[in-house]
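The values are calculated or read from the model by the stated rules, or taken from the named source; none is laboratory data. Quick caveat: nothing in here was measured; it's all calculated off a predicted structure. Methodologically, a virtual Cβ is constructed for each residue, glycine included, from the backbone with ideal geometry; neighbour enumeration extends over all protein chains shown.
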Amino acid sequence: MHSFCYRKNELYCEGFPLSALVTKYGSPLYVYSQATLTDHYNKLDTALASVDHQICFAMKSNSNLAVIRTLGNLGSGFDVVSGGELARTIAAGGDPSKCVFAGVGKTEEEIAFALKQGIYSFNVESEPELQRISRVATRVKKVAPIAVRVNPNVDAGTHAKITTGTYANKFGIQFEQVAGVYARAAKLPNLRLRGLQMHIGSQLTDVKPFRQAVEKVAPMVAELNAKYGFDFFSIGGGIGIVYKDALASGEAKWWKTPEGRKVLTPQRYADTLLPTLRSLGLKVVLEPGRFLSGNAGVLITRVEFIKRTGKKNFVIVDAAMNDLIRPAFYDSFHQIVPLKKRGGALISSDVVGPICESGDYFAKDRPLPKVGEGDHLALLSAGAYGSVMSSNYNSRALTAEVLVNGTKSALVRRRQELEDIWSLESVAPWQ
């Protein structure tokens, strides 16, 4: 489920009308639901209850401190991909000993910082990285816990820009090479071979690729565990969410769209994978991001103009691709609804932002209710890869972010002042 729904034709987040939030905090505005974050975490945690497990939220999907704190308070660990993300986790009260450090380009400074913080494991993406971790660990007199990221060469069947598990991708080490890599790693100083990790892609709505990857990798895990004494097997993240009909699926049964199409639920995911995972006798680590945060957030935007041409009805809004880049970057779909529900005929519309790029759009030829200047729209399912990927392109200030908890709301990131954009810049001395 999620906690966005209409009440008497007014769109609410939990106990708050979104129109009241935008009046108080302005537009564009990201709004997050604490109840939704909590519900999605608990559903996944419960589905995996029969095995020793650790959920590590992939904070690249949403790194707001309040979101991190919400999940950390529930027991979540964190999947970080930079020294900055690890520092954010600590600033939010997260436990470094529940953090896994992924990413293909870890610097020596980042590795040293992570070792000093006592992270749970590095997910190692290459042999040169393995050697670097060993050198840094020796220098700082620490033992580095590591898990090699295996690339199982399983096509997740998702968007090309978010698939990660084939040999055409930059991530991980080829399946056939992993045993040799562990044999060489065992000879390097200051390493602890703690487990094995994989991740095949993002926004997977079918359990089949997960099953294929786990069943392919599990025998290798068992063999390597017998040699090196592993603690865990990480199966990565990638559980998809509902984007189309997201509002209706929240108001009805969250695991089905209005047409009855089933989506991947935590229970179905667990029921499919746990028989294989349970037989390994290891802790199961998983790294969901979008599943926990995606449907927990919306982006509110104000209609500035309606522009009609001979072929198009353009709804020009105050949010832009710098605020939510997914449609421009991935051709991604976000359901768009007015804050105040209205009837009448739908109008085929392009919802576009003010940035000087043809790619600055949120929807094309989308049937929408008639709206006018000053109305507000909500872009749903914007809690993952939304604000976290925003930029100052066209010298646009970063949006504010609000967390709702029942009938309470809090500003959890203030709107950026224009002067903040260039506060780190200066003119040259000779100018």
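Can you pull out the residues in the stretch 131-147 that are touching a Phe, Trp or Tyr at 6+ places or on another chain (Cβ under 9 Å) and within 21 Å of Q174 (Cβ to Cβ)? If the condition is that a residue be touching a Phe, Trp or Tyr at 6+ places or on another chain (Cβ under 9 Å) and within 21 Å of Q174 (Cβ to Cβ), then I133, I146, A147 are the ones that fit.
Looking across the stretch 123-154 at every residue that is of a type in the set (A, V, I, L, M, F, W, C) and part of a strand (DSSP E or B), the one that is farthest from F78 (Cα to Cα) is identified as V150. Could you list, in sequence order, the residues of the stretch 318-354 that are buried (at least 16 other Cβ atoms within 10 Å of the Cβ), over 25 Å from the mean Cα position of the chain (by Cα) and either within 20 Å of S391 (Cβ to Cβ) or at pLDDT below 95 (or both)? Listed by number, the list holds a single entry, P354. Between A218, A226, the distinction of being without any contact (Cβ under 8 Å) to a residue 40 or more places away in the chain, small (G, A, S) and assigned to a helix (DSSP H, G or I) belongs to A226 only.
Enumerate the strands (runs of 3 or more DSSP E) found wholly within the stretch 254-361, keeping only those where 1 or more residues are of a type in the set (S, T, Y) and over 22 Å from I241 (Cβ atoms).
347-352
Whether a residue is without any contact (Cβ under 8 Å) to a residue 60 or more places away in the chain, closer than 16 Å to D323 by Cα and either surrounded by 21 or more Cβ atoms within 10 Å (Cβ to Cβ) or among the basic types (K, R) (or both) was assessed, and R414 passes this test. Checking each residue in the stretch 371-408 for being of a type in the set (F, W, Y) and either within 22 Å of V242 (Cα to Cα) or without any contact (Cβ under 8 Å) to a residue 24 or more places away in the chain (or both) picks out only Y385.
Just one of (1) surrounded by fewer than 19 Cβ atoms within 10 Å (Cβ to Cβ); (2) assigned to a strand (DSSP E or B) fails for L196. It is (1).
Could you list, in sequence order, the residues of the stretch 376-418 that are among the aliphatic types (A, V, I, L, M) and part of a strand (DSSP E or B)?
Selection gives L377, A378, L379, A400, V402, L403, V404, A410, L411, V412.
Being buried (at least 21 other Cβ atoms within 10 Å of the Cβ) and not small (G, A, S) holds for only one residue in Y6, Y41, Y12, and it is Y41.
Selection over the stretch 68-108 of residues that are of a type outside the set (G, A, S), more than 24 Å from M198 (Cβ to Cβ), surrounded by 19 or more Cβ atoms within 10 Å (Cβ to Cβ) and in contact with a Gly (Cβ under 9 Å, 6 or more places away or on another chain) gives a count of 1. For the stretch 229-246, filtered to residues that are assigned to a loop (DSSP other than H, G, I, E, B) and of a type in the set (A, V, I, L, M), the residue that is modelled with the highest pLDDT is I235. How many residues are in contact (Cβ under 8 Å) with a residue 12 or more places away in the chain and either more than 23 Å from G103 (Cβ to Cβ) or of a type in the set (S, T, N, Q) (or both) when one looks only at the stretch 45-68? Number satisfying all stated conditions: 13.
With the structure loaded, tell me whether C13 is assigned by TED's automatic domain parsing to the domain that holds L130, within 22 Å of V412 (Cβ to Cβ) and not aliphatic (A, V, I, L, M) or whether it fails that test.
Taking the combined requirement at face value, the residue does not satisfy it.
The requirement of being under 24 Å from S61 (Cβ atoms), assigned to a strand (DSSP E or B), free of Cβ contacts under 8 Å to residues at least 40 places away in the same chain and in the same structural domain as K216 (by TED's automatic domain parsing) is fulfilled somewhere in the stretch 101-122, by at least one residue. What number of residues in the stretch 306-317 are exposed (fewer than 12 other Cβ atoms within 10 Å of the Cβ) and either in contact with a strand residue (DSSP E or B) (Cβ under 9 Å, 6 or more places away or on another chain) or within 25 Å of N392 (Cα to Cα) (or both)? Final tally of qualifying residues: 1. Restricting the stretch 359-395 to residues that are within 26 Å of the chain's Cα centre (by Cα) and farther than 28 Å from L292 by Cβ leaves a set whose member that is surrounded by the fewest Cβ atoms within 10 Å (Cβ to Cβ) is S395. Note on the stretch 264-285: among residues that are in contact with a helix residue (DSSP H, G or I) (Cβ under 8 Å, 6 or more places away or on another chain) and among the aliphatic types (A, V, I, L, M), the one that is farthest from D231 (Cα to Cα) is A270. If you filter the stretch 293-320 down to residues that are small (G, A, S) and out of contact with any Pro (no Cβ under 8 Å at 6 or more places or on another chain), you find that the one that is farthest from L74 (Cα to Cα) is G310.
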